[in-house]
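Asks: Here's a structure for you.
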Amino acid sequence: MTIDVTNLNEPEITCGTCQACCCRLQVLIISDTGVPDEHIEEAEWGGEVMRRLDDGWCSALDRETKMCTIYEQRPWICREFEMGSYECKTERTDNM
C-alpha cells in the first residue's frame, strides 16, 4: 500500500472552506443561463460580464456565506470552474 504524500500540508477545499476567490475574476456571459440583468454589465471591450462591486467582488456573492445568490442561474464559466482544480488553487494562493 502506498500513501500519496503530495498534498498532506494542503487543506482540503470544500464548500465550508471555500474563500470564493473565483468571485473576484471577470466572468464572461457567453451563454444564456438566466443571469438576472442586475448582475450583468458591459465590459470596456463591449462584451457582457458579471457585474462586480467597487471592491472587486461579484455582485451575486453573498458576502457572509460566500455562496452564490443566483446559483441556479449562474454563468456557464462559473458552472465549469471546478472547486479544488488547479485554477481554484492558483486563485486561492494569489489572494492570500
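The values are calculated or read from the model by the stated rules, or taken from the named source; none is laboratory data. All of these numbers come straight from a predicted model, not from anything done at the bench. Positions of Cβ are backbone-derived with ideal geometry, glycine not excepted, and every protein chain shown enters the neighbour counts. For accessibility, only protein heavy atoms count, side chains too; no ligands or nucleic acids. Shrake-Rupley method; radii C 1.70, N 1.55, O 1.52, S 1.80 Å.
Asks: Pairs needed: first member in the range 63-88, more than 18 Å from Pro36 (Cβ to Cβ); second member anywhere, among the acidic types (Asp, Glu) and in a loop (DSSP other than H, G, I, E, B); C-beta distance under 7 Å; at least 6 residues apart or different chains.
Replies: Pairs that qualify, where the first residue is more than 18 Å from Pro36 (Cβ to Cβ) and the partner is among the acidic types (Asp, Glu) and in a loop (DSSP other than H, G, I, E, B), are Cys88/Glu82.
Asks: Right, next: Taking the residues in the range 46-62 that are more than 18 Å from Thr33 (Cα to Cα) and part of a loop (DSSP other than H, G, I, E, B) as candidates, determine which candidate is least open to solvent (accessible area, probe 1.4 Å).
Replies: Top of the filtered list is Gly56.
Asks: Also, I was wondering about something else. Please count how many residues of the range 14-45 are surrounded by fewer than 16 Cβ atoms within 10 Å (Cβ to Cβ), of a type outside the set (D, E, K, R) and touching a residue at least 12 places away in the same chain (Cβ under 8 Å).
Replies: 11
Asks: Output the residue which, of all residues in the range 67-86 that are among the charged types (D, E, K, R) and out of contact with any helix residue (DSSP H, G or I) (no Cβ under 8 Å at 6 or more places or on another chain), is surrounded by the most Cβ atoms within 10 Å (Cβ to Cβ). Show your work before the answer.
Replies: Keep residues of the range 67-86 that are among the charged types (D, E, K, R), which gives 72, 74, 79-80, 82.
Still in the list and also out of contact with any helix residue (DSSP H, G or I) (no Cβ under 8 Å at 6 or more places or on another chain): 72, 74, 79-80.
Working: Glu72: 7, Arg74: 20, Arg79: 11, Glu80: 9.
Ranking the candidates gives Arg74 first.
Asks: Checking the structure you have, find out if any residue of the range 71-81 is at pLDDT 90 or above and in a loop (DSSP other than H, G, I, E, B).
Replies: Scanning the range 71-81, I find at least one residue that is at pLDDT 90 or above and in a loop (DSSP other than H, G, I, E, B), so the answer is yes.
Asks: Quickly run through the range 32-55 and pick out the residues that are of a type in the set (A, V, I, L, M, F, W, C) and closer than 14 Å to Arg74 by Cβ. I'd like the intermediate steps shown before the answer.
Replies: Let us first name the residues in the range 32-55 that are of a type in the set (A, V, I, L, M, F, W, C), namely 35, 40, 43, 45, 49-50, 53.
If the condition is that a residue be of a type in the set (A, V, I, L, M, F, W, C) and closer than 14 Å to Arg74 by Cβ, then Val35, Ile40, Val49, Met50 are the ones that fit.
Asks: What single numbered condition from (1) in contact (Cβ under 8 Å) with a residue 60 or more places away in the chain; (2) touching a strand residue (DSSP E or B) at 6+ places or on another chain (Cβ under 9 Å) fails to hold for Glu91?
Replies: Just one mismatch for Glu91, condition (2).
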